[in-house]
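What follows is a set of notes on a single structure, which appears directly below.
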Amino acid sequence: MPETIFSKIIEGEIPSHKVYEDDYVYAFLDISQVTKGHTLLVPKKASANIFETDAETMKHIGVAIPKIANAIKDAFNPNGLNIIQNNGEFADQSVFHLHFHFLPRYENDVDGFGYKWVTHEDTIDDDQKAELAKQISAQIEG
Ligand code: AMP
């Protein structure tokens, strides 16, 4: 499988704002921060997307999902949370290493039909992202 930016993040070759890591998964802030606390969860074992992921990897993802979701909930008390997972270019996948978006939802993020998928990459600086990641990881035990 061709290397992606997420393998480099897992290896520490590219910096990220880590919120959680174990032997099998890595979670970090999405650079775009569509909403406050927007986080990505990826398996360390690379696969392009859900079509190519083995069951064992999904077990580890399954264990991690509620940990990350509850940590975000406890950190920011959002009104809700979407977990989004894109497969294939047609379905808006841009990085071909399986990943799950955790998108906390707040009353004021609504725009007509729903949230706006708008990047805040340039308006939330690195220090702010570090602080957000710290607030989430502080809620995860062990
Ligand atoms: P998708 O469109 O589902 O493939 O999502 C890929 C996500 O990766 C996007 O939301 C990007 O903002 C995010 N992303 C790309 N590069 C980085 C990076 N270096 N650090 C954190 N998130 C990233």
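The values are calculated or read from the model by the stated rules, or taken from the named source; none is laboratory data. Everything numeric in this text was worked out from a predicted model, so none of it was measured. When we count neighbours, we look across all protein chains shown, and the Cβ atoms used for this are built from the backbone with ideal geometry, even at glycine. Please note that ligands, DNA and RNA were not included when accessible areas were found on the heavy atoms of the full protein model with its side chains. Shrake-Rupley method; radii C 1.70, N 1.55, O 1.52, S 1.80 Å.
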So, first residue in contact (Cβ under 8 Å) with a residue 60 or more places away in the chain and within 22 Å of HIS38 (Cβ to Cβ) in the range 52-80, second residue in a helix (DSSP H, G or I) and not β-branched (Val, Ile, Thr), Cβ within less than 6 Å, six or more apart or across chains; the pairs are ALA75/GLN135
Between a residue in the range 104-115 that is modelled with pLDDT under 80 and any residue that is hydroxyl-bearing (Ser, Thr, Tyr), which pairs come within a Cβ distance under 7 Å, given they are 6 or more apart or on different chains? TYR115/THR35
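Go through PHE51, PHE90, PHE100 for me and flag whichever is touching a Leu at 6+ places or on another chain (Cβ under 9 Å) and of a type in the set (Phe, Trp, Tyr).
Every option except PHE100 fails the conditions.
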Can you pull out every residue in the range 14-28 that is within 11 Å of the ligand (Cβ to nearest atom) and out of contact with any strand residue (DSSP E or B) (no Cβ under 8 Å at 6 or more places or on another chain)? ILE14, PRO15
Going through (1) at pLDDT 95 or above; (2) surrounded by 13 or more Cβ atoms within 10 Å (Cβ to Cβ) one by one, ASP54 fails only at (2)
From the option list THR4, THR35, single residue qualifying as in contact with a Lys or Arg (Cβ under 7 Å, 6 or more places away or on another chain), at negative phi, among the hydroxyl-bearing types (Ser, Thr, Tyr) and within 13 Å of the ligand (Cβ to nearest atom) is THR35
SER47 versus (1) away from the ligand (no atom under 11 Å from the Cβ); (2) of a type in the set (S, T, N, Q); (3) open to solvent by 20 Å² or more (accessible area, probe 1.4 Å): which is the lone unmet condition? (3)
When you scan the range 91-103, do you find a residue that is within 22 Å of GLU131 (Cβ to Cβ), within 12 Å of the ligand (Cβ to nearest atom), open to solvent by 40 Å² or more (accessible area, probe 1.4 Å) and within 11 Å of the chain's Cα centre (by Cα), even just one? no
Of the residues that make up the range 34-53, is at least one touching a Gly at 6+ places or on another chain (Cβ under 9 Å) and closer than 25 Å to ASP125 by Cα? no
